[in-house]
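The block underneath contains the structure these notes are about, expressed in structure tokens.
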Amino acid sequence: MGEDSFNNISWMTDEIKNELKRRNKIIENKDFESLYSLKNDSDFSIALHQILVNRYDKDPNSLNKTELNLFLCMHIENADQADSILSFLQEWFPEQKEQIVKSLNEIGATKSSKIIKRAIELLPKDESCFFKSSDENSEKEMSKLGNEFSNYPDGSLRYLYRKYAEKHKNEIFKNPSHNNDYK
């Protein structure tokens, strides 16, 4: 978004506009030190996510284990908000379905991890489409699990992302080499 893109939004205060401009500049410049100075957990998470997405889009193997944990957790949350956890598990990142359980545990979202593990157990073992072999009971269970996940059983994921990122600050963005030790 350009510098003036917030000017025509009447409800937005100058303070909010300035924070959004600051966040966008952090993303654009990949300014990792300033990233941690963002006070709002939402702004922090949005900026961190966008930086990780930009890196992943350039080279999917460029994320180290800590970065991958955050990236996957943020994506399953986004998939759930946009569509469903099933979208993440079968369409967005089917090759990472086992890793997402580990990643959620790593960031401290243990209840969410258990929900996703139960959802994975409902998936066909041959990795075919869920709905090709599902029945009414399994579809109801998948929907129920999606609702449980949507209710944020571990509390704010934004807070957990920030807490995890701060705990592992020395590992995030410090080694952009192709570190695949998480596989």
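Electrostatic bookkeeping for N105 treats Lys and Arg as +1 and Asp and Glu as -1; over the other residues with beta carbon under 11 Å from its beta carbon, the sum is +2. Using a cutoff of 8 angstrom between alpha carbon atoms and counting only pairs six or more residues apart, the relative contact order for the chain works out to 26 percent.
Mind pulling the angle between the C-alpha long axis of helix 97-107 and the longest principal axis of the chain? Nearest 10 degrees, somewhere in 0 to 90. Long axis of 97-107 versus the principal axis of the chain: about 50 degrees. Within the shell defined by Cβ-Cβ distances under 11 Å, the residues around Y152 carry a net charge of -2, with Lys and Arg each +1 and Asp and Glu each -1. Relative to the longest principal axis of the Cα atoms of the chain, the long axis of helix 110-122 lies at roughly 40 degrees. Rounded to the nearest 20 debye, the dipole magnitude of the chain is 560 debye, with +1 charges on Lys and Arg beta carbons, -1 on Asp and Glu beta carbons, and the Cα centre as origin. Taking other residues whose beta carbon is less than 14 angstrom from the beta carbon of I85, and scoring Lys, Arg as +1 and Asp, Glu as -1, yields -2. Hey, how many Å between the Cα centroid of region 93-169 and the Cα centroid of region 65-88? Between the Cα centres of region 93-169 and region 65-88 lies a distance of 8 Å.
The C-alpha atoms of the chain define a longest principal axis, and helix 136-150 lies at about 20 degrees to it.
Computed across region 14-167, the Kirkwood radius stands at 16.4 Å (inverse of mean 1/r, all Cα pairs).
Every number in this text was worked out from the coordinates using simple rules, so none of it is lab data. Bear in mind the structure is a predicted one, so any value in this text is a computation, not a measurement. Neighbour counts run over all protein chains shown; Cβ positions are idealised from the backbone, glycine included.
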